[in-house]
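Below is one structure, written out as structure tokens, with a few remarks after it.
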Amino acid sequence: MDLKFVRRVAADILKCGENRVWITADPARQDDLAEAITRENVRKLIDRGDTVLKRPAIGVSRGRAKARAAQRAKGRRRGVGSREGATNARFPRKRRWILRIRAIRVRLRELKAQGKLDVSTYRKFYSQAKGGMFHSRAHLEQQLRAAGYLKGGTR
């Protein structure tokens, strides 16, 4: 029995491709299928829900990708072998500079506000910081202590 018409019309009604239309092989339903010569007949077979069905779409599972993303969020799977791009592409020099200079400038402002640095000393060290003299806040503090502007430990 040729079911091309039923398959084509069902695909049109169900808004899917012909390959996603499933037609039963049940011998008891073969007469109904053979008699389906109009769109209305095919629509009734679809509405019945056991003769002509729309197969579910086959997709690619995101389960593994989600598991991998969860691991990365925890800091896993980021070793040397997983890296693409140079160090400065992954964490640009400019971004590193911004983080460093902001931390140093905040610390200088704190010290000035606390009265541990006078304005001229503040300006001097601010300019040196802008010139890239200090590697970090710790290095700034070390230089301040070496120059005799700070005493004891940090803070």
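Only the coordinates and a few stated rules stand behind these numbers; no lab work does. From a predicted model like this one, the values you see are computed outputs, not experimental measurements. Virtual Cβ from ideal backbone geometry, glycine too; neighbours counted across all protein chains shown.
Key figures for this structure:
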item	result
Highest-fluctuation residue, Glu141, Glu84, Glu40 considered, GNM on the chain with Cα pairs under 10 Å	Glu40
Value at 222 nm in deg cm²/dmol, rounded to 500, when DSSP H runs of n ≥ 4 in the chain each add -39,500 (n - 2.57)	-16500 deg cm²/dmol
Cα-Cα separations in the stretch 91-143 greater than 19 Å, expressed as whole percent	22
Gyration tensor verdict on the stretch 1-79 (Cα atoms; rounded if a/c is under 1.5, prolate if a/b is larger than b/c, oblate otherwise)	prolate
More than 27 angstrom apart: percent of Cα pairs within the chain	62
R0 of 30 Å, Cβ-Cβ distance Asn19-Arg78: FRET efficiency to nearest 0.05	0.10
Signed unit charges on C-beta, dipole axis of the stretch 12-124, positive-most listed residue Ala36, Gln71, Val119	Val119
Cβ crowding within 10 Å averaged over residues, with 6-17, 85-96, 113-124 ranked highest first	6-17, 113-124, 85-96
